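Below: one structure, written as structure tokens.
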Amino acid sequence: MRFLSNYRDSDDKPDEIPVVTTAPPFPEDEEDSTLIKTVGWVSAGLGAVALGLLIGRELRQRYKFNRRTPYDAYAHAGDEQDVDFGLGI
């Protein structure tokens, strides 16, 4: 096994090392890149807001449900309903 330091000292090293340069496959304008980044950040922000609203709504419903009073069960006891069954007709 030859190490790099040994390779530099030897006489059989190549005179010239070929340099390979590659261009990016799709050159993008800086303006396009900025627009894409802006749209990405805006969509991520809207997603975070939507997720926060959903989680907040669920937490509020659970909070209200856990603090019911016995009177909540009778809140609509006198309301008439349009029911066609169970009337014995």
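Determine ³J(HN,Hα), in whole Hz, for all residues of the stretch 38-54 in sequence, where each value follows from phi through the Karplus function 6.51 cos²θ - 1.76 cosθ + 1.60 and θ = phi - 60°; x replaces Gly and Pro.
5, 4, x, 5, 5, 5, 5, x, 5, x, 5, 5, 4, 5, x, 5, 5
I'd like the FRET efficiency for Ala73 and Ala50, computed as 1/(1 + (r/R0)^6) with the beta carbon distance as r and R0 of 30 Å, rounded to 0.05.
That pair, Ala73 with Ala50, gives E of 0.35.
If each of Arg60 and Ile17 carries a label point 7 Å out from its Cα toward its Cβ, how far apart are those two points in nm?
Here the answer is 6.5 nm between the modelled labels.
Since every read-out is calculated from the coordinates, none of them should be taken as a lab result. Values in this document were obtained by computation on a predicted structure and should not be read as measured data. Every residue, glycine among them, receives a Cβ derived from its backbone with ideal geometry; neighbour counts consider all protein chains shown.
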